[in-house]
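What follows is calculated from the coordinates using simple rules that are stated; it is not laboratory data. None of the values given here were measured: they were computed from a predicted structure. As a convention, Cβ positions derive from the backbone with ideal geometry for all residues, glycine included, and neighbour counts pool all protein chains shown.
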Amino acid sequence: MRIRLGNGIELDCGKRILLDPIKTQVDIPSLISHAHSDHVPRDIKNPRGKIYATEGTASILRSRYGADNVEIVHYGERTSLGTFDVYPYPAGHIFGSSGFLIVCDDVSLFYTGDINPYGGLTVESPARVPEVDVLILESTYGNPKYRFPDPQKIRIHIAKWAIEEVSSGRSPVIEAYLVGKSQEIIALLNRYTNLEVVVSEPVAKVSEAFKERFNLKFTKHSDGPHVLVTHRAVGEDKARVTGWALFSKRRGDFPLSAHADFDGLVNIAVSSSPTKIFTVYGFRRELANWLKKWGLDAQPLGGNWVEL
Ligand SMILES: [Zn+2]
């Protein structure tokens, strides 16, 4: 088996597959780890090759992009694609997100996609990671300054902030990413407050894919006191919910992330017992350097083919 970074992550084992490609290719299967736009092929509506994803990812791709041509793969079940055997693992990042265990020629490889070992309120489960020969590790927060507080503590802070705002006569606005984070906010407000949750039109559209599975309660209009959840808010009073808010001192900035933090990534790197680690996305060089310093064989994945 050989690997390179090109059209997404490309694997060749006599036949080829693409992981999170930029565009699909004729006669080459594409595996989509989750429905965030930077992992979805640009030609998702009219793909040139077959697309494979979990049921959750397929339902978001349908509600957001109108894509109705996705072949379903199931957590823990084998799908054979040419010379490869593929097994999806829950990634805990957003609904439907999955890592892929991929086996060919006695070499086992695990691609994390975007991964969250702590899970959330609108995911199937926290991430699970198998032991493998080769690990392809996302590195969004692969820098030791990113160590997140207990996510449950942040959820409670967000709920308390919203209740205080409404008690003061305001209708608070929470800004969060359209896919995944907005639904986490709806779920935590449903669970920890009695506030009415109003969402913007785009958030409502994406949330349809989550609604039944996670019993989300929201509306598009309210004349009474409410919290508004939207992915794009104007004005300074809004709350912002993202891991990048970790060092912000601004009231209303909450560092609730859908990714592993630095220690979470190191945990995955060690516990999957790989002989070789390739880092991708975000702080990939920093993370590879730290792992190398600690005696692991790690490097950022590059554009040249590497034999495994
Ligand atoms: Zn993502």
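Here are some notes:
- Residue count for the range 22-57, restricted to those that are farther than 20 Å from Phe95 by Cα and within 16 Å of the ligand (Cβ to nearest atom): 1
- Pairs where the first residue, in the range 292-308, is aliphatic (A, V, I, L, M) and the second is part of a loop (DSSP other than H, G, I, E, B), C-beta under 6 Å, 6+ apart: Leu308/Met1
- Summed over the range 32-57, residues that are more than 14 Å from the chain's Cα centre (by Cα) and within 19 Å of Ser80 (Cα to Cα) total 5.
- Residue count for the range 251-278 under the criterion of being within 23 Å of Tyr89 (Cα to Cα), more than 16 Å from the ligand (Cβ to nearest atom) and of a type outside the set (Phe, Trp, Tyr): the result is 12.
- Subset of the range 78-98 that is surrounded by fewer than 20 Cβ atoms within 10 Å (Cβ to Cβ) and assigned to a strand (DSSP E or B) - its residue that is farthest from the ligand (Cβ to nearest atom): Ser80
- For the range 233-244, taking the residues that are within 22 Å of Asn190 (Cβ to Cβ) and more than 16 Å from the ligand (Cβ to nearest atom), the one that is surrounded by the most Cβ atoms within 10 Å (Cβ to Cβ) is identified as Ala239.
- Test for Ile186: is it part of a helix (DSSP H, G or I) and touching a residue at least 40 places away in the same chain (Cβ under 8 Å): yes
- For the condition crowded, with 20+ Cβ neighbours inside 10 Å and within 16 Å of the ligand (Cβ to nearest atom), Ala162 does not qualify.
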